[in-house]
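Below is one structure; the comments refer to it alone.
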Ligand SMILES: C=C(O[C@@H]1C=C(C(=O)O)C=C[C@H]1O)C(=O)O
């Protein structure tokens with residue numbers, strides 16, 4: 001038997017439409033082993049070769065040998081993404097310290113770019129411990145991503161949406177994560193993988209039916225906040241982000 005292709009996916013709600021399609025595809029499921037974890041862990045797995053494909057934070061693409069984006073689907077946003085924010089009790093100008101979510105690799109860097117170039121501020125950045133959300137207080141703010149960010153909306157006085165702010169600064173959409181392989185894969189497999197992703201998007205009603213999430217409207221999240229197609233405009237946003245990241 002051929003060895004299975006190891007695929008790592010982000011374990012947040014936003015990935016559910018993509019995984020729905022993959023799981024529906026029996027032939028694909030015979031060829032892959034699916035591993036779910038938070039983004040920073042998926043990034044480590046792809047970097048050290050424990051997986052062959054990962055829905056990885058785009059910020060780590062430059063650190064991967066032979067990195068290839070293999071899919072037309074991504075975790076992106078054309079405006080407010082709702083699940084990536086700078087959460088603060090004070091207005092952004094008054095923030096002195098920003099704690100950076102340990103689960104993130106892209107958004108923490110996006111936050112550094114936006115604070116420097118959009119808000120023109122220079123706060124201290126601190127790596128997060130596991131209980132960092134409880135430390136948001138006074139002039140200490142935090143970047144939170146994923147489901148924990150959705151759950152924390154309305155809990156702080158201010159939530160600056162990082163994808164919305166990126167759009168305001170650059171006029172471009174933003175890509176948080178993309179399907180990246182660290183080795184060449186057969187074209188037939190890549191085609192099947194893409195079709196499976198597309199299937200999930202086409203069956204969005206069925207995806208939503210499976211989810212019981214009371215804290216945010218998942219239909220709005222999947223159809224108006226997250227934008228899954230890796231369009232030429234998104235690739236422009238991605239190129240600009242990687243260029244800015246290189247100069248940080
Ligand atoms: C929009 C999101 O994008 C995520 C943000 C990531 C990051 O900051 O490194 C990585 C993967 C994405 O799933 C989110 O999870 O809320």
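For this structure, a couple of remarks:
- Of the residues in the stretch 193-202, not one is farther than 19 Å from residue 76 by Cα and out of contact with any strand residue (DSSP E or B) (no Cβ under 6 Å at 6 or more places or on another chain).
- Residue in the stretch 106-121 that is farthest from the ligand (Cβ to nearest atom), counting only those that are farther than 16 Å from residue 148 by Cβ and buried (at least 19 other Cβ atoms within 10 Å of the Cβ): 115
- Going through (1) more than 15 Å from residue 101 (Cα to Cα); (2) within 13 Å of the ligand (Cβ to nearest atom) one by one, residue 161 falls short only on (1).
- Within this structure, residue 213 fails the test of being over 14 Å from residue 70 (Cα atoms) and in the same structural domain as residue 90 (by TED's automatic domain parsing).
- Among the conditions (1) closer than 23 Å to residue 232 by Cβ; (2) within 16 Å of the ligand (Cβ to nearest atom), the only one that residue 43 does not satisfy is (1).
- Scanning the stretch 122-146 for residues that are within 15 Å of residue 162 (Cα to Cα) and either within 14 Å of the ligand (Cβ to nearest atom) or loosely packed, with under 15 Cβ neighbours inside 10 Å (or both) turns up 142, 143, 144, 145, 146.
- Of the criteria (1) within 16 Å of the ligand (Cβ to nearest atom); (2) surrounded by 19 or more Cβ atoms within 10 Å (Cβ to Cβ); (3) not assigned by TED's automatic domain parsing to the domain that holds residue 201, which one residue 102 fails: (2)
- If the condition is being over 24 Å from residue 224 (Cα atoms) and without any contact (Cβ under 8 Å) to a residue 24 or more places away in the chain, then the stretch 8-30 contributes 26, 29, 30.
- When residues of the stretch 72-97 are limited to those that are more than 14 Å from the ligand (Cβ to nearest atom) and crowded, with 22+ Cβ neighbours inside 10 Å, the one farthest from residue 232 (Cα to Cα): 95
The values are calculated or read from the model by the stated rules, or taken from the named source; none is laboratory data. On a predicted model such as this, the values are computed, not experimentally measured, just so you know. Reconstructed Cβ throughout: ideal geometry from the backbone, glycine too, with neighbour counts over all protein chains shown.
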